[in-house]
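The values are calculated or read from the model by the stated rules, or taken from the named source; none is laboratory data. Since the structure is predicted, the reported quantities are computational estimates derived from the model, not experimental observations. In this analysis, Cβ positions are derived from the backbone assuming ideal geometry, glycine residues included, and neighbour counts consider all displayed protein chains.
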Amino acid sequence: MSWKPFFSQGVANFKANRHEAALQCFTEALNNGGENQYIIYDSRAAVYEKLGNLRDALKDTKKTINTAPERWQGYARAARLFLKVQKPDSSMKMVDMALIKVSPGDEKKRLELTSLKETVGLALEAVVAQRKSAQNHAAMLPVEIFGEMAKFLLSSDPSALITLLHVSRSWRDVVWSTSALWHTLVVARCRPGEKVKLWVERSKGRIRELHILRSASESHWDGQHLDGINWEALRICKVQGWHFSNFLHENSLTHILANLDTLEFDHIGAIRTLREVLFAKDMKVQHLTLSHVLVSWQNLTNPLLETLVLDFPSYSLMPPRHNKEVALDFSYLTRLELAKMPQLQVLILQGLRTPVDDGLQSLTRHGSVHLTDVVLRRCSVANSNHLISFLESLPLLKNLELSYTTNVAHNLLQALAPEPSLDNSGTATADQNTLMCPSLTHLNLTHCPEVKTGPLVRLVKSRLAQPEMTRIVYLTVDGCDHVEADWVKWFREKVPNFSCVYLTKKAATYRR
């Protein structure tokens, strides 16, 4: 049977919007000798397009072109279909081919194809713009520049490495292969052994910073894979609540501490066996932080230290044996939170029950002329003369806090502003060079019960007597019950920032 009756019936069904019936008829036409007729493939492609089956429509369009490559119909339909499936590049190629194949005299069809080409061109411009906006410009950076940017980011936030790995494939490839980005290892609760192994592999063992957090011990991690670290490259080591001392001894690694620049220990287990190494004379550490670690005054000496932070309960700082004088040498120390320390600028001593007199005397003997801030908070001073002698050697001192301390503040105020009848250098006409702590502007005597009104008034007046002298701009005497309320207004007029709170609301409520 000929294919033509099936084809004619298919066309009639298509015009009547009976697309399923039309599809069946066109298929029958192909099966009955019409397999070489491009018009049947093109017609069935039109049916598939109406039914939303664009994949099969494109297949029939391809057969249309293969059967009649010199005709424009297959190319034109392919252009429309590629545009629908959002492939404007392919659509533009097809519409150009259709324009080539169309008859020169068929102006109507040429105008129709030209309009289609304009539509495809607009779609192509939109796709190009979208590609540009979504382009990963960072992937175009030289690897060296990207590496430096990544190192700068990781220096302040090591965890950002994980974020960098998930930004894009190009970033991941660079980060994965750049060993310099894996120099900081932070060990915590989550799979510590696996993380150490990965970081050691990626960094090629050259870990520069090692942070072991307290949570690492919760997973019963015993230091697995740490043996892959090149310890000679390690410069910063911070350990919290993990038996690091035992690990070093069991693996004969105590010598690595001598090469560190920064060392922070917090609850690391028994440290007695580490003292000889930790405080050895050849120790290169410049920044040392010890929390809840048993040490003695004799140990606290290292000429290269720049920062020393000690955070310990009262029993952790042992006094020297047999009252032997302790020679403390800190030539480069600029910050001490608890002595030779000529560059020290900030001294903070807090919560020390053992008298700090020996330390103050050592600072006085060796000189600490660069000190600008001295804070003694909840500290014990056995002899106020030791504190006064120390303060007399500080010409640059601006901020002095002596709080929650007894039997010291009265004598201190007498030294800062002597009574005129006792010492003429303390009068209003005294030269600034004879004034103790001539640069003092901030004074905090919170909860020093022996503070009285008279010495405070003399102090403020002595600083106002001559314009060239530094005046007291911050004066805090909270909790000082002997400061007379009648003088509070005067102090507020003379001192820009004055505070005298006798009782907090909570304490007042409790007393009532």
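The table for this structure:
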{"item": "Residue satisfying condition, being in a helix (DSSP H, G or I) and over 30 Å from Gln130 (Cβ atoms), within set Glu112, Glu28, Glu70", "result": "Glu28"}
{"item": "Meets criteria (hydroxyl-bearing (Ser, Thr, Tyr), under 24 Å from the mean Cα position of the chain (by Cα), surrounded by 12 or more Cβ atoms within 10 Å (Cβ to Cβ) and assigned to a helix (DSSP H, G or I)) for Ser91", "result": "no"}
{"item": "Flag for Leu371 being at pLDDT 95 or above, touching a strand residue (DSSP E or B) at 6+ places or on another chain (Cβ under 7 Å) and surrounded by 15 or more Cβ atoms within 10 Å (Cβ to Cβ)", "result": "no"}
{"item": "Within the range 346-396, considering residues that are small (Gly, Ala, Ser) and in contact with a helix residue (DSSP H, G or I) (Cβ under 7 Å, 6 or more places away or on another chain), the one farthest from Leu435 (Cα to Cα)", "result": "Ala382"}
{"item": "Selection within the range 472-483 - surrounded by 15 or more Cβ atoms within 10 Å (Cβ to Cβ) and not aromatic (Phe, Trp, Tyr)", "result": "Ile472, Val473, Leu475, Thr476, Val477, Asp478, Gly479, Cys480, Val483"}
{"item": "Residue match in the range 206-229 (condition: in a strand (DSSP E or B) and under 23 Å from Ser177 (Cβ atoms))", "result": "yes"}
{"item": "Residue, surrounded by the fewest Cβ atoms within 10 Å (Cβ to Cβ), within the range 31-67, restricted to residues that are more than 58 Å from the chain's Cα centre (by Cα) and in a loop (DSSP other than H, G, I, E, B)", "result": "Asn36"}
{"item": "Filter result (in contact with a strand residue (DSSP E or B) (Cβ under 8 Å, 6 or more places away or on another chain), over 14 Å from Pro418 (Cα atoms) and either assigned to a loop (DSSP other than H, G, I, E, B) or at pLDDT below 95 (or both)) within the range 430-477", "result": "Leu440, Thr441, Leu445, Thr446, His447, Cys448, Ile472, Val473, Val477"}
{"item": "Output for the range 171-198, where each listed residue is in a helix (DSSP H, G or I), more than 17 Å from the chain's Cα centre (by Cα) and closer than 21 Å to Leu141 by Cβ", "result": "Trp171, Arg172, Asp173, Val174, Val175, Trp176, Ser177, Ser179, Ala180"}
{"item": "Test for Leu248: is it assigned to a helix (DSSP H, G or I), crowded, with 18+ Cβ neighbours inside 10 Å and more than 24 Å from the chain's Cα centre (by Cα)", "result": "yes"}
{"item": "Residue count, the range 254-268 (criterion: outside any helix (DSSP H, G or I), at pLDDT below 85 and buried (at least 18 other Cβ atoms within 10 Å of the Cβ))", "result": "1"}
{"item": "Test: residue in the range 151-161 that is closer than 30 Å to Ser203 by Cα, of a type in the set (S, T, N, Q), part of a helix (DSSP H, G or I) and modelled with pLDDT under 90", "result": "yes"}
{"item": "Search result, residues across the range 478-503 that are at positive phi and outside any loop (DSSP other than H, G, I, E, B)", "result": "none"}
